[in-house]
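Each remark here refers to the structure printed beneath this line.
The values are calculated or read from the model by the stated rules, or taken from the named source; none is laboratory data. Fair warning: this is a prediction, and the values are worked out from it, not measured in the lab. Cβ placement follows ideal geometry from the backbone for every residue including glycine, while neighbour counts extend to all protein chains displayed. All accessible areas refer to the heavy atoms of the entire protein, side chains included, with ligands and DNA or RNA removed. Shrake-Rupley method; radii C 1.70, N 1.55, O 1.52, S 1.80 Å.
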Amino acid sequence: MDAFKPGLEDVVVAETALSWVDGEGGRLVVRGHPIEALATRSFEDVCGLLWDGALPAPARAAAIRRGLGRGRAAAFRALERVGPAALEAEDAMAALRAGVAALAAPDEPLDAAGFALAGAITVILAAWHRRSTGADPVAPDPARGHADDLLRMLGGRPAPHALVRGLDSYLVTVAEHGMNASTFTARVVASTRSDAVSAVVAALGSLKGPLHGGAPGPVLDMLDAIGSARRAPAWLRAELAAGRRIMGLGHRIYRVRDPRALVLETALAELERAGVASRYLPLARAVERAAVAVLDAHRPGRRLRTNVEFYTAVLLDALGVPRSLFTAVFAAGRVAGWLAHVAEERAVARLIRPRQRYVGPLPDGTEAGPSLRAAG
Ligand code: COA
């Protein structure tokens with residue numbers, strides 16, 4: 001009888017050509033490219049890489065840019081129809097869930113649904129943000145790059161090049177990352193031959209949780225609560241003693257520092273060279289060092305290290321993105337990977353339907369142990 005693995009830990013659920021997460025070596029390879037090499041690319045380039053299998057030639061990159069622009073423009077036109085359910089939602093992820101669910105996106109996952117969904121996510125999150133601050137939503141400019149236009153729709157005016165570059169680096173870095181919870185969710189939905197919009201709505205729900213994409217906001221809250229490097233060890237120890245987890249540390253696969261942490265730190269260094277210094281970076285570095293030491297003492301041998309969310313929080317803050325939008329901006333990058341997985345899963349064409357082991361009573365009242373029952 002097969003063993004039950006809580007959390008499906010180490011269970012292989014797909015074969016993929018999209019990415020390899022090397023948990024011991026601390027490497028992330030996306031379609032053959034190390035993540036460090038992709039970080040200088042644009043979100044459009046990585047959509048091409050994920051969706052087509054190779055980095056796009058200039059003509060294809062321009063077509064993707066136009067397609068994403070059309071997707072944003074269409075989503076903005078649909079905003080009225082989406083209405084209060086999205087724009088007055090209590091948080092940005094609830095806005096995305098409601099707004100994306102209302103989309104009449106084409107079912108073809110690549111490119112048509114990709115453009116529509118990636119476009120919609122940026123438009124809805126920006127419009128929700130503007131509404132929540134009492135401002136009017138800003139119409140997209142389809143001629144701009146995706147990252148550029150997202151910052152413009154958020155801030156109401158064009159953002160400096162250094163910020164656009166920083167956001168592109170971020171979106172690229174988080175676009176694809178193995179069989180994480182939201183990607184698995186999208187693949188399960190796709191395996192039922194449901195549509196791409198449904199797969200992305202389900203994935204958004206999965207991404208929202210604090211153990212997955214919901215961690216970066218709490219990372220900044222933690223840095224605020226700690227306040228100074230000196231206070232970090234005692235604060236962290238008290239947190240663990242209260243049974244809470246340290247946000248931005250630990251990972252199911254990585255037993256070393258998440259390679260994306262360094263990529264995001266590099267983006268922060270580039271921003272600093274361009275004159276945009278992060279207010280959190282020195283403290284974040286000190287807290288990271290303290291957290292690793294405290295967690296090593298707390299869980300000897302477990303090697304809980306910094307994950308992507310830790311420096312996501314610092315980078316997005318430096319880019320001027322408010323913390324209420326961190327998970328939604330993560331979704332703006334990850335949607336490229338979700339859709340590539342939806343396309344891959346469709347090609348598998350086999351319903352995902354695992355088994356469970358029944359451990360409840362039988363109608364005759366017997367309490368046979370789980371080892372006596374077939375999993376159904
Ligand atoms: N702080 C404190 N303890 C942690 C921890 C953290 N950040 N991460 C893991 N642990 C503990 C777990 O509670 C577990 O203890 P237990 O055996 O008493 O239950 C032990 O270390 C081993 O955990 P592990 O198997 O490595 O974690 P996981 O694979 O179940 O979970 C995460 C991975 C990411 C969900 C987990 O590390 C976590 O909750 N991190 C904080 C949230 C976060 O940053 N999420 C973003 C992920 S990209």
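Give the shape of the chain as rounded, prolate or oblate, defined through the alpha-carbon gyration tensor: a ≥ b ≥ c are the square roots of its eigenvalues, a/c under 1.5 means rounded, and otherwise the shape is prolate if a/b is larger than b/c and oblate if not. The partial results should precede the final answer.
Values: a/c = 1.58, a/b = 1.12, b/c = 1.41.
Here the chain falls in the oblate category.
Positive contributions from Lys and Arg (+1) and negative ones from Asp and Glu (-1), summed over other residues with Cβ under 15 Å from the Cβ of Glu270, come out at -1. Dipole magnitude for segment 1-111: computed about the Cα centre from +1 point charges on Lys and Arg Cβ and -1 point charges on Asp and Glu Cβ, it is near 680 debye. Taking a quarter of the surface of the Cα convex hull of segment 226-364 gives a mean projected area of 13.9 nm². Name the shape class, rounded, prolate or oblate, that the alpha-carbon gyration tensor gives for segment 196-299, where a ≥ b ≥ c are the square roots of its eigenvalues, rounded holds for a/c under 1.5, and otherwise prolate holds if a/b is larger than b/c and oblate otherwise. Oblate is the answer for segment 196-299, as a/c is 1.5 or above yet b/c matches or exceeds a/b.
Ordered from largest to smallest accessible area (heavy atoms of protein chains, 1.4 Å probe), the residues His129, His146, His161, His298 come out as His161, His298, His129, His146.
Relative to the present Cα-Cα distance, how much length would full extension add between Thr192 and Ala274 at 0.36 nm per residue of separation?
On the way: separation 82, 0.36 × 82 = 29.52 nm, distance 4.78 nm.
Answer, rounded to one decimal: 24.7 nm.
Once the C-beta distance of Val12 and Ser228 is scaled by a Förster radius of 35 Å, the resulting FRET efficiency is 0.20 to the nearest 0.05. For the chain, the carbon plus sulfur part of the accessible surface works out to 55%, probe radius 1.4 Å. When Met93, Met247 are compared by accessible surface with a 1.4 Å probe, the order from highest to lowest is Met247, Met93. Enumerate by residue number the GluC sites (Glu not before Pro) in segment 40-98 meeting two conditions: DSSP loop (anything except H, G, I, E, B), and at most 12 other Cβ atoms within 10 Å of the site's Cβ. When the GluC sites (Glu not before Pro) of segment 40-98 are filtered for loop state and at most 12 Cβ neighbours within 10 Å, Glu90 remain. Give the distance, in whole Å, between the Cα centre of segment 134-160 and the Cα centre of segment 324-366. Comparing the Cα centres of segment 134-160 and segment 324-366, I get a distance of 33 Å. Relative contact order for segment 137-251: 14 percent, from Cα pairs under 8 Å spaced at least 6 residues apart, divided by residue count.
In the chain, which longest range has no trypsin sites (Lys or Arg not before Pro) that are both DSSP loop (not H, G, I, E or B) and surrounded by at most 15 other Cβ atoms within 10 Å?
1-192
From the largest down, segment 39-162 spans 41, 36, 22 angstrom on the principal axes of its Cα atoms.
Before I look further, what does segment 200-260 give for accessible area per residue, probe 1.4 Å, in whole square angstrom? Present the calculation step by step, with values, prior to reporting the outcome.
Details: 2690 Å² over 61 residues.
Per-residue accessible area for segment 200-260 comes out at 44 Å².
Take segment 124-163 with all the other protein chains still there, run a 1.4 Å probe, and you get 43 Å² of accessible area per residue. In this structure Trp20 has an accessible area near 120 Å², from a 1.4 Å probe over the protein heavy atoms.
Taking the alpha carbon gyration tensor of segment 70-138, multiplying each eigenvalue by 5 and rooting it gives semi-axes of 20, 11, 9 Å, largest first. Legend: P(r) of segment 85-224 from all alpha carbon pair distances, 10 Å bins from 0, whole percents, reading 11, 36, 41, 11, 1.
Do the sum for the chain: with -39,500 (n - 2.57) for every DSSP H run of n ≥ 4, divided by all residues, what is the mean residue ellipticity at 222 nm, to the nearest 500 deg cm²/dmol? Show your work: numbers first, answer last.
Values: 16 runs with 207 residues, N = 376.
After summing the helix terms and dividing by the residues of the chain, the value is -17500 deg cm²/dmol.
With the cut-off at 1.5 for a/c, could you classify segment 283-376 from its C-alpha gyration tensor as rounded, prolate or oblate? Oblate shape, in that a/c is at least 1.5 and b/c is the bigger or equal ratio. Per residue, segment 296-353 exposes 35 Å² of solvent-accessible protein surface, assessed with a 1.4 angstrom probe and all protein chains in place.
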